[in-house]
1. For region 82-125, which positions are touching a Lys or Arg at 6+ places or on another chain (Cβ under 6 Å), at pLDDT below 95 and closer than 25 Å to A55 by Cα?
2. Give me the pairs: first residue in region 36-47 and more than 16 Å from S91 (Cα to Cα), second residue buried (at least 16 other Cβ atoms within 10 Å of the Cβ) and small (G, A, S), beta-carbon distance under 6 Å, and six or more apart or on different chains, which are they?
3. So which of E48, E54 ends up being under 27 Å from E148 (Cβ atoms), part of a helix (DSSP H, G or I) and not aromatic (F, W, Y)?
4. Over 30 Å from P26 (Cα atoms) and at pLDDT 70 or above, is that true of I186?
5. Report, by residue number, each residue of region 41-66 that is closer than 13 Å to E126 by Cβ and surrounded by 14 or more Cβ atoms within 10 Å (Cβ to Cβ).
Amino acid sequence: MTRASLNKSVLSRESVKLSEYQRFLPSLELKRRQIVAERLRARAHLAECRAQLEAQLVGSARDLPMLANEEVALDTLVVVEAIDLSTQNLSGTRLPVLKEVRFAEVVYARLTRPHWVDAAVVALREVIRMRIARDVAERRLRELEQAEALIARRVNLFEKVLIPRSQETIRRIRMALADAEREAVIRAKLSKRKTAARAGEARLAAI
């Protein structure tokens, strides 16, 4: 910044900018805290989803060992019809929310299939539902982590770059204005002395 630009007009603009930065920073901090809190909840929820899925898989393998029987085609009996998702807006971050997983009603001849098929269909539906819930929870956590990183970068920009730079500019302008004011006072005093000296010389010449 040149000396010519260190004036009261620039000082006024920089003061307004600094005020805006300092006013905006607390809202960014609040947003960051909200995202961090939700990210912690999302991480705990994801761990819960994974644990529930693992427990369901272990339980199904224990209670229905016949699921390993490849002679009975079960994949055609469990068909996902729709995944109902909604969106939560948290401080400008759009987060997925799983509402419902709907399965198509597949009609099959029960008399021509083993008796355990009904229980297997129920178990497989639950496994699929839990896997979808886990996938949505993973996506939600990723969105929150990305949002947290973005906000952290913005907070750092304000705290470590914009605000200090504006404060330094204001300090330099005030110093320049103070120096200019002192110089003006000195020039005025010198001018006054010169004027007085010339007046004295004129009086002496008139004697």
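The values are calculated or read from the model by the stated rules, or taken from the named source; none is laboratory data. Keep in mind that what you see is a predicted model, and the values were worked out from it rather than measured. Please note: Cβ atoms are built from the backbone with ideal geometry, for glycine as well, and neighbour counts cover all protein chains shown.
1. Within region 82-125, the subset touching a Lys or Arg at 6+ places or on another chain (Cβ under 6 Å) is 82, 84, 86-87, 91, 95-96, 101, 103.
Next, only the ones that are at pLDDT below 95 stay: 91, 103.
Of everything in region 82-125, just one residue is touching a Lys or Arg at 6+ places or on another chain (Cβ under 6 Å), at pLDDT below 95 and closer than 25 Å to A55 by Cα, namely F103.
2. What qualifies is H45/A137; L46/A137.
3. Values: E54 fails: under 27 Å from E148 (Cβ atoms).
From the options E48, E54, the qualifying one is E48.
4. On the way: over 30 Å from P26 (Cα atoms): yes; at pLDDT 70 or above: yes.
Yes: the conditions hold for I186.
5. The answer is C49, Q52, L53, Q56, L57, S60, L64.
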